[in-house]
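Let me give you the structure first, and then I'll get to my questions.
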Amino acid sequence: MTSATGTHGITVTGETLTVDALDSKPGCAGPPRIESGTLTVTWTGSTRGDGTTTSGTTTGGGTLTATVTWTIVNDEGNVVVEPSGGSYWSNCPPTPQSAKNPGSP
């Protein structure tokens, strides 16, 4: 590998790819958030014949470009139990309906 780069929070150090992204986001509403970036790896290589059955040197190289996708899930938080008997998730503000009919944690 001669070089490697990434976009949108993707970093490459040596042979390690790292995505700098949240594990989760506070809240309940909406689907998980899908994010992506591009990883580009350039490589070169060569090999020599063994001198008996093969000879010469062969070289090669190329560039690999890949889309890397990850998912950031919703973090509902902890269950908060109300004195009235209702409950709600700490990262999800209670509504009049959820206070009357709380969901299961």
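The numbers here are math on the coordinates, done by the rules we state, and not lab data. Remember, predicted model here, so these are calculated numbers, not experimental data. Here the Cβ positions follow ideal geometry from the backbone for every residue, glycine too, while neighbour counts run over all protein chains shown.
Provide the net charge surrounding Asp75, with neighbours chosen by a C-beta distance below 12 Å and charges set as Lys +1, Arg +1, Asp -1, Glu -1.
Net charge in that neighbourhood comes out at 0.
Taking the inverse of the average 1/r across all pairs of different Cα atoms in the chain, what Kirkwood radius in Å do you get?
That comes to 18.3 Å for the chain.
Can I ask one more? Springs between alpha-carbon atoms under 10 Å, Gaussian network over the chain: tell me which of Thr58, Thr16, Thr38 tops the mean-square fluctuations.
Of Thr58, Thr16, Thr38, the Gaussian network model singles out Thr58 as fluctuating most.
Just to be sure I understand: with springs between alpha-carbon atoms less than 10 Å apart, which residue in Asp75, Asp20, Asp50 has the highest mean-square fluctuation in the Gaussian network model of the chain?
Comparing Asp75, Asp20, Asp50 in a Gaussian network model of the chain, the most mobile one is Asp50.
I'd like the per residue volume of the convex hull spanned by the Cα atoms of the stretch 1-41, given in cubic angstrom.
Once divided by residue count, the hull of the stretch 1-41 is 65 Å³.
Next question. So for the stretch 29-81, what percent of the C-alpha to C-alpha distances run longer than 19 Å?
Result for the distance tail: 64 percent.
I've got another one for you. 222 nm [θ] for the chain, helices only, -39500 (n - 2.57) per DSSP H run of 4+, per residue, to 500?
The per-residue figure over the chain is -1000 deg cm²/dmol.
Dipole magnitude of the chain about its Cα centre, charges +1 at Lys/Arg Cβ and -1 at Asp/Glu Cβ only, in debye to the nearest 20?
That gives the chain a dipole magnitude of about 180 debye.
If you stretched the chain out fully between Thr57 and Asp23, how much longer would it get, using 0.36 nm times the residue separation minus the C-alpha to C-alpha distance?
Extra length from Thr57 to Asp23 when fully extended: 7.5 nm.
I've got another one for you. Given the peptides 84-93, 59-68, arrange them by the average over their residues of other C-beta atoms within 10 Å, most packed first.
Descending mean neighbour count gives 84-93, 59-68.
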